[in-house]
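Below is one structure, written out as structure tokens; the observations come after it.
The values are calculated or read from the model by the stated rules, or taken from the named source; none is laboratory data. Predicted model only: the values in this text are computed from it and were never measured. Cβ sites come from the backbone with ideal geometry, for glycine too, and all protein chains shown count toward neighbours.
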Amino acid sequence: MGINSKYLGIIYITLAQVFFTTQDMAIKFISGSYALHQIILFRASVAIIFTLLILVPIDGGYKYLLSKRLGLHLLRGFGIVIANLCFFTALVTVPLAEAVAIFFIGPLLITLLSVFLLGEKVGIQSWVAVFVGLLGVMIMLRPGFGAFNPASMLPLAAALAYSLVQIMTRKLGEAEKASTMVFYIQLNLVFFSSLMGLIFGDGKFSDPSQPLIFYLFRAWIVPTGQDLLIMFGIGMFSGFGAYCISQAYRISKAGLIAPFEYVALPLSVFWSITIFGDWPDIVSWMGIVLIAGSGLYVVYSETVQGRKNDLYRPIPRKR
């Protein structure tokens, strides 16, 4: 791997975080007007077209979509559906920066789960990092301090779902193309968001007094011209993000570029402040620092142990 590939991989992974966090911001921005599954259906439809027209051809062609491990692909895709559902629902009442920070407990959960589900060995330093990261999450959740928001548990659930998806990715091995994994994820999102629209799209289960429930079950409405452009942009951000992260892990070593996924944290803080006026307080900053620090250490530790190629595979994170 040449020096140009190293820098290009870093550029790609950084751009992916720009696209993903911008997408997160845009979804939060229009969450007051549309049901989550309506937004996700539009986003996934645009993204799957992008995947079929751009990602699949540059990744070897359409023949690779006929995977022999269809069941595992669909199960992984369902895991991403759950991660989407939990993460984006949280954004109704949880500041973007805090939701993203809590979600970044994911690498630590992957380390934890790899011990129990894959029988891998983890050193004492990694166990300490997992403990510190979980402590950071507890600080951000603030249980017992009167400021606990139950919705803050949703990014944690999203991180757990994503971690299980990554464990399944290890089971898939290196034989499957990145575009194949992305395609089946988007296919799951299209199917389940369409199903939710058919069942709940008339709004009969919505309750305006419960913001989270209302966001999930509100009636579908025809988007305004401006919001239609925003939804299209959300789909393009998802597609471009998937493309960039796929390219990054294709041309560079995972251990080199994986730490740059944490660029998402300052970007999320930026969007929280500039678009929504949500400034993280000192408690949130403490949690963010602990989670980011422990997560980066685990990435470094995985790299040293030579396990990083299976840990970080090119799939859109919670997206």
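Summed over segment 196-237, the residues that are over 21 Å from Thr93 (Cβ atoms) and of a type in the set (A, V, I, L, M) give a count of 8. Of all residues in segment 159-171, none satisfies being at pLDDT 90 or above and either farther than 26 Å from Ala292 by Cα or touching a strand residue (DSSP E or B) at 6+ places or on another chain (Cβ under 9 Å) (or both). Just checking, which of Ala47, Ala16, Ala101 is over 23 Å from Val269 (Cα atoms), buried (at least 23 other Cβ atoms within 10 Å of the Cβ), touching a helix residue (DSSP H, G or I) at 6+ places or on another chain (Cβ under 9 Å) and small (Gly, Ala, Ser)? Just one listed residue meets the conditions, Ala47.
Against the list (1) within 21 Å of the chain's Cα centre (by Cα); (2) modelled with pLDDT under 90; (3) part of a helix (DSSP H, G or I), the condition Glu176 fails is (3). Consider Ala26 carefully, then state whether it is in a helix (DSSP H, G or I), under 24 Å from Val269 (Cβ atoms), modelled with pLDDT under 95 and among the aliphatic types (A, V, I, L, M). So Ala26 does not fit the description; no. Select, from Ile54, Ile39, the only residue that is among the hydrophobic types (A, V, I, L, M, F, W, C), surrounded by fewer than 17 Cβ atoms within 10 Å (Cβ to Cβ) and within 16 Å of Phe232 (Cβ to Cβ). From the options Ile54, Ile39, the qualifying one is Ile54. Taking residues in segment 231-254 that are in contact (Cβ under 8 Å) with a residue 12 or more places away in the chain, and partners anywhere that are crowded, with 24+ Cβ neighbours inside 10 Å and charged (D, E, K, R), the pairs with Cβ atoms closer than 6 Å and at least 6 places apart or on different chains are Ile234/Arg43; Gly235/Arg43; Ser238/Arg43; Ser238/Arg319. Restricting Gly60, Gly71 to residues that are farther than 30 Å from Met196 by Cα, modelled with pLDDT under 90 and surrounded by fewer than 16 Cβ atoms within 10 Å (Cβ to Cβ) narrows the list to Gly60. Residues that are at pLDDT below 90, of a type in the set (Ser, Thr, Tyr) and in a helix (DSSP H, G or I): does segment 104-118 have at least one? Yes - at least one qualifying residue is present in segment 104-118. Cβ-Cβ distances below 7 Å connect the following pairs, each with a first residue in segment 195-209 that is closer than 14 Å to Ile39 by Cα, a second residue that is hydrophobic (A, V, I, L, M, F, W, C) and assigned to a loop (DSSP other than H, G, I, E, B), and a separation of six or more residues or different chains: Gly197/Trp220; Gly201/Ala219; Gly201/Trp220. Which of the residues that make up segment 52-66 are outside any helix (DSSP H, G or I) and touching a Ser or Thr at 6+ places or on another chain (Cβ under 6 Å)? Result: Asp59, single match. Of the listed requirements (1) under 17 Å from the mean Cα position of the chain (by Cα); (2) more than 18 Å from Val100 (Cβ to Cβ); (3) at pLDDT 85 or above, Leu195 misses just one: (1). Are any of the residues in segment 33-51 part of a loop (DSSP other than H, G, I, E, B), at pLDDT 90 or above and either within 22 Å of Phe191 (Cβ to Cβ) or touching a His at 6+ places or on another chain (Cβ under 8 Å) (or both)? Yes; the residues of segment 33-51 include at least one that is part of a loop (DSSP other than H, G, I, E, B), at pLDDT 90 or above and either within 22 Å of Phe191 (Cβ to Cβ) or touching a His at 6+ places or on another chain (Cβ under 8 Å) (or both).
Of the helices (runs of 4 or more DSSP H) entirely within segment 217-305, those holding at least 3 residues that are surrounded by fewer than 18 Cβ atoms within 10 Å (Cβ to Cβ) occupy 225-251, 264-276, 282-304.
Cβ-Cβ distances below 8 Å connect the following pairs, each with a first residue in segment 82-100 that is touching a residue at least 12 places away in the same chain (Cβ under 8 Å) and polar (S, T, N, Q), a second residue that is surrounded by 24 or more Cβ atoms within 10 Å (Cβ to Cβ) and in a helix (DSSP H, G or I), and a separation of six or more residues or different chains: Asn84/Ile40; Asn84/Ala158; Asn84/Leu189; Thr89/Leu154.
Of the residues making up segment 274-291, those that are free of Cβ contacts under 8 Å to residues at least 12 places away in the same chain and under 18 Å from Val92 (Cα atoms) are Thr274, Gly277, Trp279.
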